[in-house]
């Protein structure tokens, strides 16, 4: 859906998402257009009746009724357009969010978070206006086209005069649509770049302040601001130029119709009332300001739809529907390969067999592929080659619920998702076990057990509202946040994956948590990415990665004789 055709398909779906409100807008708009086209004819008939001595108030009453209809349809049209756009925008945002959450980690990382926020807020709102823009666009051309037909019926020469002028205005508008579309697309793209850089800077605000590089970072974030200003000015110049051309041609067109109409009156082709109607139809046909405004809105919607359609075009990984057979978490990787966006091998033909209940430490220098191995082992994303099996079933064939129950992840810098601390820990639990506790209950049994296993229950008890404390208000250190992340992962029934998830813990706390994970009653397989000698030594097996390849798989004590292996832990204070 990265193509314009894909964006157009998205626009059509957004138009349908407006539902009954878009249909109401069309009906009301058509009624208003009909009243607008009927009004000049009725006024002409009223003039002819007055000139002919007919004192009947029939035509003035009809004209007044048409004016009331125009007022009512205008109000109802604004109401229907607003509600329809709001409904379509809400549905589009939900669809985009669901799609983003269904994508694997690698696909989402291709889009900076700030840029995605811009697409979800600004561009989704512009796209949501498509229903209103399309409906009003078709309705806006009815008065000019109806005016041409009406003038042809009054006098063909008048119709030809107006038609020739409208052809010139149509060419001018087509040029505006082409040029403005490119300018608005470029503007939205640069705005997304700035938003992405701003999000990165805010995430590293402490580092920037500590390094004293605030001015440098500000310049980096705003480096493309001149481009943004240039695209924005170009868009407004194009709109102003189009308005100016319409404003220049429209009066000339009206004058031409009035001149021809005056001649027609003088030779008896028209009555006085018909001339009045012709002048009104000329003004109606030449008044293309509403058409231009609607075109500008449609151009913005189409440009925004291209931006929204881009992440929607990323294929969602398919979920299987197979359950897990009985087992204890036997993990097997067969020929697993992962490649970066630049086609560099992150993991290369990894064959790994981890017995059920085993603790596997994954070690290696920075960039060796440790986090990639942890990600594919728990299906945060699928490998480019090979497959990963848990208790004999490829992860890609597992249903989402089965995979969620079986595998838990903890990370070095966990993000606490949820309103309260209880929500953050219960995120990975089945809904019944994670449901917020009733009044007076500190936590569900499952959440409390997970907190105790992660050695975080005492910290939570000291928070202002215990497990009910809002995560945004919880004064937690880096190590305490890591322990909450660990607690969230402890629901795993068969495979627990810790990606450097104890790096911020003190030695004593890490020892207690490691003992809880690796004890006889742990009952699951553990895959631990680590840089610490003690963690590797406590594991049953060590997978030593080197430049994306599995260099060795053996117990720590056997590998320790290799000086290259010892060099991996040099940063842990161990001499080479």
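The values are calculated or read from the model by the stated rules, or taken from the named source; none is laboratory data. No experiment lies behind these values; they were computed from the predicted model shown. Note that we place each Cβ from the backbone using ideal geometry, even for glycine, and neighbour counts take in every protein chain shown.
Kindly evaluate residue 510 against the criterion of being in contact with a helix residue (DSSP H, G or I) (Cβ under 9 Å, 6 or more places away or on another chain), at pLDDT 65 or above and surrounded by fewer than 20 Cβ atoms within 10 Å (Cβ to Cβ). Don't jump to the end; show me each part of the working.
Details: in contact with a helix residue (DSSP H, G or I) (Cβ under 9 Å, 6 or more places away or on another chain): yes; at pLDDT 65 or above: yes; surrounded by fewer than 20 Cβ atoms within 10 Å (Cβ to Cβ): no.
It is false that residue 510 is in contact with a helix residue (DSSP H, G or I) (Cβ under 9 Å, 6 or more places away or on another chain), at pLDDT 65 or above and surrounded by fewer than 20 Cβ atoms within 10 Å (Cβ to Cβ).
What do you reckon, is residue 486 more than 30 Å from the chain's Cα centre (by Cα), buried (at least 18 other Cβ atoms within 10 Å of the Cβ) and closer than 28 Å to residue 362 by Cα? Step through it out loud before you land on a result.
Details: more than 30 Å from the chain's Cα centre (by Cα): no; buried (at least 18 other Cβ atoms within 10 Å of the Cβ): yes; closer than 28 Å to residue 362 by Cα: yes.
Criteria not met by residue 486.
Give me the helices (runs of 4 or more DSSP H) completely within segment 185-287, filtered to those with at least 2 residues that are more than 23 Å from the chain's Cα centre (by Cα) and closer than 21 Å to residue 47 by Cα, ordered by residue number. Step through it out loud before you land on a result.
Values: elements: 205-211, 214-221, 225-266, 272-286.
It comes to 225-266, 272-286.
Look at residue 420 and say whether it is surrounded by 16 or more Cβ atoms within 10 Å (Cβ to Cβ) and within 23 Å of residue 545 (Cβ to Cβ).
Working: surrounded by 16 or more Cβ atoms within 10 Å (Cβ to Cβ): yes; within 23 Å of residue 545 (Cβ to Cβ): no.
So residue 420 fails the test.
Examine segment 313-335 for a residue that is within 33 Å of the chain's Cα centre (by Cα), in contact (Cβ under 8 Å) with a residue 12 or more places away in the chain and surrounded by 21 or more Cβ atoms within 10 Å (Cβ to Cβ), and state whether such a residue exists.
No, segment 313-335 has no match at all.
Could you grab me the full set of residues in segment 310-359 that are within 22 Å of residue 405 (Cα to Cα), in contact with a helix residue (DSSP H, G or I) (Cβ under 7 Å, 6 or more places away or on another chain) and not in a strand (DSSP E or B)?
Residues satisfying the conditions are 316, 319, 320, 323, 324.
Residue-by-condition table, conditions (1) closer than 30 Å to residue 398 by Cα; (2) at pLDDT below 85; (3) surrounded by 24 or more Cβ atoms within 10 Å (Cβ to Cβ):
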site	(1), (2), (3)
454	yes, yes, yes
461	no, no, no
467	no, no, yes
474	no, yes, no
477	no, yes, no
480	no, yes, no
496	yes, no, yes
500	yes, yes, no
503	no, yes, no
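Just to be sure I understand the filter: pairs with C-beta atoms under 8 Å, separated by 6 or more residues or on different chains, first member in segment 73-84 and in the same structural domain as residue 128 (by TED's automatic domain parsing), second member surrounded by fewer than 18 Cβ atoms within 10 Å (Cβ to Cβ) and at pLDDT below 90. Which pairs pass?
Qualifying pairs under 8 Å: 84/19.
Which is assigned to a strand (DSSP E or B) and surrounded by 19 or more Cβ atoms within 10 Å (Cβ to Cβ), of 362, 376? It would help to see each step written out before you state the result.
Details: 376 fails: assigned to a strand (DSSP E or B).
After applying the criteria, what remains is 362.
One line per residue, one yes/no per condition, for (1) over 19 Å from the mean Cα position of the chain (by Cα); (2) closer than 30 Å to residue 178 by Cα; (3) in a helix (DSSP H, G or I):
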residue: 40; (1), (2), (3): yes, no, yes
residue: 50; (1), (2), (3): yes, no, yes
residue: 83; (1), (2), (3): yes, yes, yes
residue: 92; (1), (2), (3): no, yes, yes
residue: 101; (1), (2), (3): no, no, yes
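Among (1) in the same structural domain as residue 14 (by TED's automatic domain parsing); (2) in contact with a strand residue (DSSP E or B) (Cβ under 9 Å, 6 or more places away or on another chain), where does residue 319 come up short?
(1)
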